[in-house]
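The values are calculated or read from the model by the stated rules, or taken from the named source; none is laboratory data. Every value quoted in this text rests on a predicted model; they were computed, and no experiment measured them. Cβ placement follows ideal geometry from the backbone for every residue including glycine, while neighbour counts extend to all protein chains displayed. Ligands, DNA and RNA are excluded from the accessible area calculation, which covers all protein heavy atoms including side chains. Shrake-Rupley method; radii C 1.70, N 1.55, O 1.52, S 1.80 Å.
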2 protein chains.
Amino acid sequence: MKKRTLLATALLLQFAFAAQAQQEPVNLDAVHRIKQEGLQNSQVMQTAFYLTDVSGPRLSGSPGLMRASEWAKKQLIDWGLQNARLEEWGEFGRGWEVEKSYIAMAAPYYQQLIATPKAWTPGTDGAVNAEAVLVHLEKEEDLEQYRGKLKGKVILTKIDEKAETSFEADAKRYTEEELHELAMSLEASRSQSRWTPERIAAYRARMALLSKANEFFQQEGAAVLLSSRGGTHGTHFTSNGSPYAPDAKPTLPELEMGLEDYNRIVRLLEAKQPVKLEVETKTRFFSDDLKGYNVVAEIPGTDKKLKDEVVMLGGHLDSWHGSTGATDNAAGVAVMMEAVRILQAAGFKPKRTIRIALWGGEEQGLHGSRGYVKQHFGDPATMKLTKEHEKFSAYYNLDNGTGKIRGIYLQGNDAVRPVMEAWLAPFHDLGATTTTIRNTGGTDHLAFDAVGLPGFQFIQDEIEYDTRTHHTNQDSYDRLQADDLRQAATIVASMVYHTAMRDKKLPRKPLPKPREAS
Amino acid sequence: MKKRTLLATALLLQFAFAAQAQQEPVNLDAVHRIKQEGLQNSQVMQTAFYLTDVSGPRLSGSPGLMRASEWAKKQLIDWGLQNARLEEWGEFGRGWEVEKSYIAMAAPYYQQLIATPKAWTPGTDGAVNAEAVLVHLEKEEDLEQYRGKLKGKVILTKIDEKAETSFEADAKRYTEEELHELAMSLEASRSQSRWTPERIAAYRARMALLSKANEFFQQEGAAVLLSSRGGTHGTHFTSNGSPYAPDAKPTLPELEMGLEDYNRIVRLLEAKQPVKLEVETKTRFFSDDLKGYNVVAEIPGTDKKLKDEVVMLGGHLDSWHGSTGATDNAAGVAVMMEAVRILQAAGFKPKRTIRIALWGGEEQGLHGSRGYVKQHFGDPATMKLTKEHEKFSAYYNLDNGTGKIRGIYLQGNDAVRPVMEAWLAPFHDLGATTTTIRNTGGTDHLAFDAVGLPGFQFIQDEIEYDTRTHHTNQDSYDRLQADDLRQAATIVASMVYHTAMRDKKLPRKPLPKPREAS
């Protein structure tokens, strides 16, 4: 190697070191105090207990969500947070809850069945004892053959899904290889969705056909509909069956069940074995308050110049109704509440104001966070922005289940990468190692991202999210991983703390164009 | 090497080859025909459908077991078997079945719960709406504090088990390493049981304490007992709660449930959150016929000298009551029925008589097979043997779930190893490769082994037997593995065929000593 080349290399190295030296500062003393409180004195499972076991299902608009909201507000006040309130985000619609749910096969023999009324469906007209009828439905004309034959009957529609036996574990964590692949993503928005345009079109056509069929069943005087969106071994997925709008047309009572119970009835009917069912459900609608609410509370900032600036953290408090929404998303709420508890308990005085928001209406389309962002920061349709938009640093969200934090999605924001890498560094030993340029979707950080504000969702281990808990009748307290939630709360507390103490707000991406224009 | 030594070696080798040449004959033409029928024209899932979906739960003494027994007898006749009959094996006790089962939490909010009445327990006194009470029970004296406080209440006893999340698959198959270890077992009876004497003693003490507690709860006028023997995600284990003897004392209504539902109530009560439950169960006892039956049918032997000799195959037809006993043991019954169907369809004329037996009363202690063996072959207590004992070749059993056959337990019988190895050889490509000297327990082959008759249970892949299906509320048709059952029926048909065609009966172990004497 020639001397000149050597010199050039030395200069390059120096430059590289210089770049390293401009590294984002990390307060390791604060990290230590946060770890102490978060890992040694965790209350996250106690919080989760009140959100799940004690509050119950927290469907948007339901008494369960109101119970949890009031409890969370009181708990945040007890921890010393300020300005705690239920803040209206807009008009939601009717509340709804189950008051009774019973279904069993009465012939050819008695067998209790596991099922859940679809959200916002009416109850049965008392106890129904009726024959089951299997409807083969490929196209609308198929319905004609059932005309005059469905009065008082329980209707099932043939489905293709089988209750397969899996030789893979229900629960899993990211492997190093998978994290590496995430970290090396070429672009933010590479869609990995299985929802090809063809599949979306087929799905929509099927939904339209089912909708017509349900009108037909109602006209024909059917008593109850049964359906299955999958799930095995006593686990089944749940969803909404009717609109929650106050003026929505009434529908038939409908229950969802797992594949084994559903397909057993289908097989019997296909073999011309008559099946009788006993069904009794009661559901209740609530129309006294059609508004939706978020729970909001603050640790006020203490720096003269920066205290009007805001760092936010949150997760959605509403859930589906089949269980107590433990991993979707009491987990995220408990972690976020625990993060502010940690900061309070450790006695920090943040420069910027830290604001926690527990969203309502997420399951019906991120309504709570979108309403909040529109009121406070700007309208993504017009991109008319508020003064608060200027004062906002970042929003951190947790809503991918009970799994611990393995890193963070940068949501296409290259400028925050060195910041996040520095802040995650003290937590590599807890498994949080990865930054990825990738976007992730489906959670409340999108409401912030939509108006050009830094909004982030963490990378979380999946655990049983897709297999057992996400929108199922089995998403209850026991499915929570205590160690994972302790870890997550500790990391979030540190991320939020550093965002609140940073000299500048977090760097932003260029503002998006108004949605109306696109 | 000296010349004399070389010669000796050559002679030894010759002897070894001679031993090889005496290998058990295998009729590969028959194997081919059996594989054709068993693998290409399988009806095993159709048979399983009638045993499970159509017949329902098949608890010993129940109408469901009688339905399945009558159906199986008719089906065997339809396939051309002879002497098909329900053969009484002795006195069993009362039949029982569930006519209604409903339980839900009514406060602090409504939540349907998944539970099953324990077998032979009475139903509730109509619809019960009652407070739940958590009993802490370490020793008998602990009960005193509850005196006068349990009238009309629903009782739960604190348990230690948690609903853990597993990162291992529910379903698994034997690895080559595990099969190798089985094949290399040093001895037949090495106990691998986790039931150490200490654990047995602790279990018995706990059972005695629970029994006293249940008497106390009954005296105090409690309305319902709840308990859990484990299970997660909507799966729970089921068992019997009361004796089936006709003169048994009545007990309290009792339901078993999974850990999540059970422990949710426990957590709420421990946190002083009042819990109200709605429970309504109806059960029915049957005392009109206290006898137990096996289903027996034959393919008569055709060889003048050998037709009085018998080869048997079977599995138990009775099940627990929480589901339809698909893997325990409709699977084994469907395979054994399919094996004789294959032999009939292929048009074989066996030398010895082939007899299939579908046992009753297995779940309560191998009653059906033990009664049958005692009537036909001998009494293990006295070792007084019958003439039929002389005429018996072997019994093949299948009762370890839905998994395919990976080999056979030799049950300590060294003399049958070369026979079994030869007969399994044409099925190595189907995964059945292993013979092991080991005993295996818990299934009906033990009844034959107990009087010195060759009785064998196959080595089967476990699939979900321990995790999801064995004695659970989820042991239903969908948990069956169609390909595994096809494979098993094909192999059993060939084993039975070769046993029926063999020059001699299968070699036996020395006769056991009378049990009375030991």
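Just a few scattered comments:
- Axis of helix A:367-376 versus longest Cα principal axis of chain A: the two differ by about 40°, to the nearest ten degrees.
- Of all DSSP beta bridges in chain A, antiparallel share, percent nearest 5: 55
- Each copy carries a label point for A:GLY230 at 7 Å from Cα toward Cβ; from one copy, the others' points are 2.9 nm away, ordered from shortest.
- Sequence-distant contacts, meaning Cα pairs under 8 Å at least 6 residues apart, place the relative contact order of segment B:223-349 at 19 percent.
- Built amide H within the under 5 Å cut-off of B:ALA84, gap 5+: B:GLU298
- Rounded to the nearest 10 square angstrom, B:MET420 shows an accessible area of 0 square angstrom against a 1.4 Å probe.
- Centroid-to-centroid separation of segment B:259-308 and segment B:397-441 [C-alpha atoms, Å]: 30
- Residue by residue along B:209-222, Cβ atoms of other protein chains within 10 Å of the local Cβ number 0 on average.
- Backbone phi angles across segment B:125-136, fed through the Karplus curve with coefficients 6.51, -1.76 and 1.60 (θ = phi - 60°), yield HN-Hα couplings of 7, x, 7, 9, 10, 8, 6, 8, 10, 9, 9, 8 Hz in residue order; Gly and Pro are listed as x.
- Derived scalar couplings ³J(HN,Hα) [segment B:456-461; Karplus, 6.51 cos²θ - 1.76 cosθ + 1.60; whole Hz; x for Gly, Pro]: 10, 10, 7, 7, 10, 4
- Derived scalar couplings between HN and Hα for segment A:472-477 equal 10, 7, 10, 8, 10, 3 Hz in order, rounded to whole Hz, by the Karplus curve 6.51 cos²θ - 1.76 cosθ + 1.60 (θ = phi - 60°), x for Gly and Pro.
- Computed over chain A, the quotient of the alpha carbon radius of gyration and 2.2 N^0.38 Å is 1.09.
- Of the GluC sites (Glu not before Pro) in segment A:446-518, those whose Cβ has at most 10 other Cβ within 10 Å and which sit in DSSP loop: A:GLU516
- B:LEU137 long-range amide H proximity, modeled H, under 5 Å: B:LYS158
- Each copy carries a label point for A:LYS349 at 7 Å from Cα along the beta-carbon vector; from one copy to the others these points are 10.5 nm apart, nearest first.
- Label-point gap, in nm, between A:GLU187 and A:LEU511 - each point 7 angstrom along Cα→Cβ: 2.6
- Where chain B is carried onto chain A by rotation, the Cβ closest to that axis, with its residue and distance in Å, is B:GLY234, 1.
- With the label put 7 angstrom out from Cα along the Cα-to-Cβ vector, B:ASN41 ends up 7.7 nm from the copy partners, going from closest to farthest.
- Using the rule -39500 (n - 2.57) for each DSSP H run of four or more residues, divided by the residues of chain B, the 222 nm mean residue ellipticity is -9000 deg cm²/dmol.
- Cα long-axis angle, helix B:331-345 against chain B (0 to 90 degrees, to the nearest 10): 30
- Cα gyration tensor shape of the protein assembly as shown, rounded if a/c is under 1.5, else prolate or oblate by comparing a/b with b/c: prolate
- For a label point 7 Å along the Cα-to-beta-carbon line of A:THR302, residues of segment A:35-64 with backbone N under 18 Å: A:35, A:37
- Within-13-Å neighbourhood charge of B:LEU134 [Cβ basis; K, R +1; D, E -1]: +3
- Global geometry of segment A:43-100, whether rounded, prolate or oblate, following the gyration tensor of its Cα atoms and the 1.5 cut on a/c: oblate
- Segment B:172-261: relative contact order in percent, alpha carbon pairs under 8 Å with at least 6 residues between: 27
- Proximal charge balance of B:LEU511 [Cβ under 13 Å; K/R count +1, D/E count -1]: +2
- For A:TRP89, the amide hydrogen comes within under 5 Å of the amide hydrogens of A:GLY292, A:TYR293, A:ASN294, counting only partners 5 or more places away or on other chains and with H modelled in the peptide plane.
- Peptide B:165-175 shows a mean partner chain C-beta count of 5 within 10 Å per residue C-beta.
- Of all accessible heavy-atom area on segment B:201-305, the percent that carbon and sulfur account for (1.4 Å): 52
- The candidates B:THR52, A:THR165, arranged from most to least accessible area with a 1.4 Å probe in the full protein assembly, appear as A:THR165, B:THR52.
- Restriction of the GluC sites (Glu not before Pro) in segment A:81-158 to DSSP coil positions whose beta-carbon has at most 15 other beta-carbons within 10 angstrom yields A:GLU138.
- Partner shielding of A:297-310 amounts to 0, given as the average count of beta-carbon atoms from other chains within 10 Å of each residue beta-carbon.
- Principal-axis tilt of helix A:482-501 within chain A, Cα atoms, nearest 10 degrees: 50
- Alpha-carbon centroid distance for the pair segment B:480-518 / segment A:171-190, whole angstrom: 52
- Bridges between two residues of the protein assembly as shown, per DSSP, are antiparallel at a rate of about 60%.
- For segment A:164-207, applying the loop criterion from DSSP together with a ceiling of 14 other beta carbons within 10 Å to the chymotrypsin sites (Phe, Trp or Tyr not before Pro) yields A:PHE167, A:TRP195.
- For chain A, relative contact order (Cα pairs under 8 Å, six or more residues apart, normalised by length) works out to 23 percent.
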